[in-house]
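Asks: One structure follows; several queries about it will come next.
The values are calculated or read from the model by the stated rules, or taken from the named source; none is laboratory data. Keep in mind it's a predicted model, so treat the numbers as computed, not measured. Backbone-built Cβ (ideal geometry, glycine too); neighbour counts: all protein chains shown. For the accessible areas, the whole protein counts, side chains as well, though only heavy atoms, and no ligand, DNA or RNA atoms are used. Shrake-Rupley method; radii C 1.70, N 1.55, O 1.52, S 1.80 Å.
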Amino acid sequence: MLKSVQHNKLAPEGYVYNTYGHPKYLKHAVASVVSLRRYDKKRPVALACEEKHKNILEEHGLSDLFDHIEILPAEHASIVGFKHHIHKFMFFDKNIFLDSDIIWCKNPDSLWQSFEPYPFTITGTQISDNFFGGPKNIGIIGDLLFRRRQRTLNHFGLTYLSRVQTGLIYAQDFNLTKKMCELAQQMLSRKDETHFRSRTLEEGRSEETCEWSIAMAMSKLDLPVYPWLQGHTSPQLDYIADYTSHDPDFEYVVCKYYCDQFVYNFRGLQVKWLRKLLTSLFSLIPGKGDYLKTTPYCLHFGWYHQKQPFFEFSERTWNGLKKEKYRDLLEDKNRLVENG
């Protein structure tokens, strides 16, 4: 399929997941698809996965959760290996590529319509801050003092650098997507010429990030990001326990969304008292404390310290599906016995 993906499309629109490594990631993708099927039962879902993951699905009778399963070549079984080559996995005319740690919260029909004008885009913000691809500690001061971000832009002939969040990618133009991927690969190969730091230095991260290199490629090609933060029409919002009300199975989800982006960015602070203090202080300024309560299309569990509720939902969903399949098999067996 990979050799002919440019010409042999499976459907006009569809979703693409990918899994590799530990089987828990397969469970995550399955849980995400289960949440998706609450709202979209018509668009097909493809999975690019290692052969062992396909075998696990077949062993438990769960492969029919996906409309198409493609074996993921070893060279693409990594964050960079997949997302720097997504043109090879455009199984549909119009594709939404998704991380597996995402829960769908409402009908995505209008989201698909809003993507229509874009030949290729990724959720994000127009301008990235110094933390994007940089150190997440006091080391950021050095980047600020020596203007390393600006020096990187000047060195590569860029006038801006967006912040991309690759948990949700939209692609419908094969040639443009391929061009972006190849340029992102070039950017990553020149990492030593940039100020960016390896993501493997962060707690809980074992793979290199694809985001800053893709952001640079999009800037070079002048491809706009899809606005990540849009209030009631946000394509995805981060799961932060203090900002999110939900039931155990995430059938009801409401997020607290600060209208001022600077204040909303405090959500990433792990120290709860500091987050509350800064939010309270800035809320003294008229407008800074304004917030709304909304349900995004997707709830993304991208923060390492906020993933536990998703892990529990994923495991519970997987076990529930296995029991359901076992019960169906048992009922079929009993019917055969009764019919002699």
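Asks: Looking only at segment 219-252, count every residue that is over 27 Å from residue 120 (Cα atoms) and open to solvent by 10 Å² or more (accessible area, probe 1.4 Å) and tell me the total. Can you show your working first?
Replies: Taking segment 219-252 and keeping what is over 27 Å from residue 120 (Cα atoms), we get 240-252.
So of that shortlist, the ones also open to solvent by 10 Å² or more (accessible area, probe 1.4 Å) come out as 241-249, 251-252.
Residues meeting the conditions: 11.
Asks: Among residues belonging to segment 231-248 that are outside any helix (DSSP H, G or I) and among the acidic types (Asp, Glu), point out the one that is farthest from residue 307 (Cα to Cα).
Replies: Filtering segment 231-248 down to residues outside any helix (DSSP H, G or I) leaves 234-240, 244-248.
Then keep just the ones that are among the acidic types (Asp, Glu); that gives 238, 247.
Values: 238: 10, 247: 15 Å.
If we take residues in segment 231-248 being outside any helix (DSSP H, G or I) and among the acidic types (Asp, Glu), then 247 is farthest from residue 307 (Cα to Cα).
Here is a yes/no grid of residues against (1) without any contact (Cβ under 8 Å) to a residue 24 or more places away in the chain; (2) within 24 Å of residue 111 (Cβ to Cβ); (3) in contact with a Ser or Thr (Cβ under 6 Å, 6 or more places away or on another chain):
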| site | (1), (2), (3) |
| --- | --- |
| 15 | no, yes, no |
| 28 | no, yes, yes |
| 41 | yes, yes, no |
| 50 | no, no, no |
| 62 | no, no, no |
| 72 | no, no, no |
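Asks: Quick test for you: out of 50, 70, pick the one residue that is touching a strand residue (DSSP E or B) at 6+ places or on another chain (Cβ under 8 Å) and either open to solvent by 40 Å² or more (accessible area, probe 1.4 Å) or within 19 Å of residue 322 (Cα to Cα) (or both).
Replies: Working: 70 fails: either open to solvent by 40 Å² or more (accessible area, probe 1.4 Å) or within 19 Å of residue 322 (Cα to Cα) (or both).
That would be 50, the only listed residue that is touching a strand residue (DSSP E or B) at 6+ places or on another chain (Cβ under 8 Å) and either open to solvent by 40 Å² or more (accessible area, probe 1.4 Å) or within 19 Å of residue 322 (Cα to Cα) (or both).
Asks: Out of (1) part of a helix (DSSP H, G or I); (2) under 22 Å from residue 303 (Cβ atoms), the odd one out for residue 18 is which?
Replies: With respect to (1) part of a helix (DSSP H, G or I); (2) under 22 Å from residue 303 (Cβ atoms), residue 18 is out only on (1).
Asks: I want to confirm something. Restricting to segment 285-316 and keeping residues that are among the charged types (D, E, K, R) and not in a helix (DSSP H, G or I), which single residue is nearest to residue 109 (Cα to Cα)?
Replies: Let us first name the residues in segment 285-316 that are among the charged types (D, E, K, R), namely 288, 290, 293, 307, 312, 315-316.
Next, only the ones that are not in a helix (DSSP H, G or I) stay: 288, 290, 293, 307.
On the way: 288: 32, 290: 29, 293: 21, 307: 27 Å.
The qualifying residue nearest to residue 109 (Cα to Cα) is 293.
Residues are listed down the side, and each one gets a yes or a no for (1) of a type in the set (Phe, Trp, Tyr); (2) free of Cβ contacts under 8 Å to residues at least 12 places away in the same chain:
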position: 230; (1), (2): no, yes
position: 234; (1), (2): no, no
position: 243; (1), (2): yes, no
position: 248; (1), (2): no, no
position: 255; (1), (2): no, no
position: 266; (1), (2): yes, no
position: 270; (1), (2): no, no
position: 273; (1), (2): yes, yes
position: 284; (1), (2): no, yes
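Asks: Could I ask something else about it? Of everything in segment 268-291 that's open to solvent by less than 50 Å² (accessible area, probe 1.4 Å) and touching a helix residue (DSSP H, G or I) at 6+ places or on another chain (Cβ under 6 Å), which residue is nearest to residue 305 (Cα to Cα)?
Replies: 275
Asks: Of the numbered conditions (1) open to solvent by 10 Å² or more (accessible area, probe 1.4 Å); (2) part of a helix (DSSP H, G or I), residue 33 satisfies every one except a single condition; which is it?
Replies: The one condition residue 33 does not meet is (1).
Asks: Related question: How many residues does segment 73-113 contain that are open to solvent by 10 Å² or more (accessible area, probe 1.4 Å), under 24 Å from residue 38 (Cα atoms) and in contact with a helix residue (DSSP H, G or I) (Cβ under 6 Å, 6 or more places away or on another chain)?
Replies: Result for segment 73-113: 2.
Asks: Next question. Cβ-Cβ distance below 8 Å, separation of 6 or more or different chains: which pairs start in segment 91-115 with a residue that is charged (D, E, K, R) and end on one that is outside any loop (DSSP other than H, G, I, E, B) and open to solvent by 40 Å² or more (accessible area, probe 1.4 Å)?
Replies: 93/13; 94/13
Asks: Could you grab the pairs with beta carbons closer than 6 Å, sequence gap of 6+ or different chains, first residue in segment 163-192 and open to solvent by 20 Å² or more (accessible area, probe 1.4 Å) and at pLDDT below 95, second one part of a helix (DSSP H, G or I) and of a type in the set (Gly, Ala, Ser)?
Replies: Pairs found: 188/213.
Asks: Could you identify the single residue in 39, 25 that is assigned to a helix (DSSP H, G or I), at pLDDT 95 or above, within 28 Å of residue 248 (Cα to Cα) and of a type in the set (Ser, Thr, Tyr)? Spell out how you get there, then give the answer.
Replies: Working: 39 fails: assigned to a helix (DSSP H, G or I).
Sole residue among the options that is assigned to a helix (DSSP H, G or I), at pLDDT 95 or above, within 28 Å of residue 248 (Cα to Cα) and of a type in the set (Ser, Thr, Tyr): 25.
Asks: Taking into account only those residues within segment 196-212 that are in a helix (DSSP H, G or I) and touching a Ser or Thr at 6+ places or on another chain (Cβ under 9 Å), which is modelled with the highest pLDDT? It would help to see each step written out before you state the result.
Replies: Going through segment 196-212, the residues in a helix (DSSP H, G or I) turn out to be 199-201, 211-212.
Right, trim to touching a Ser or Thr at 6+ places or on another chain (Cβ under 9 Å) and you get 199-200, 211-212.
Details: 199: 64, 200: 61, 211: 91, 212: 88.
Residue satisfying both the conditions and the ranking: 211.
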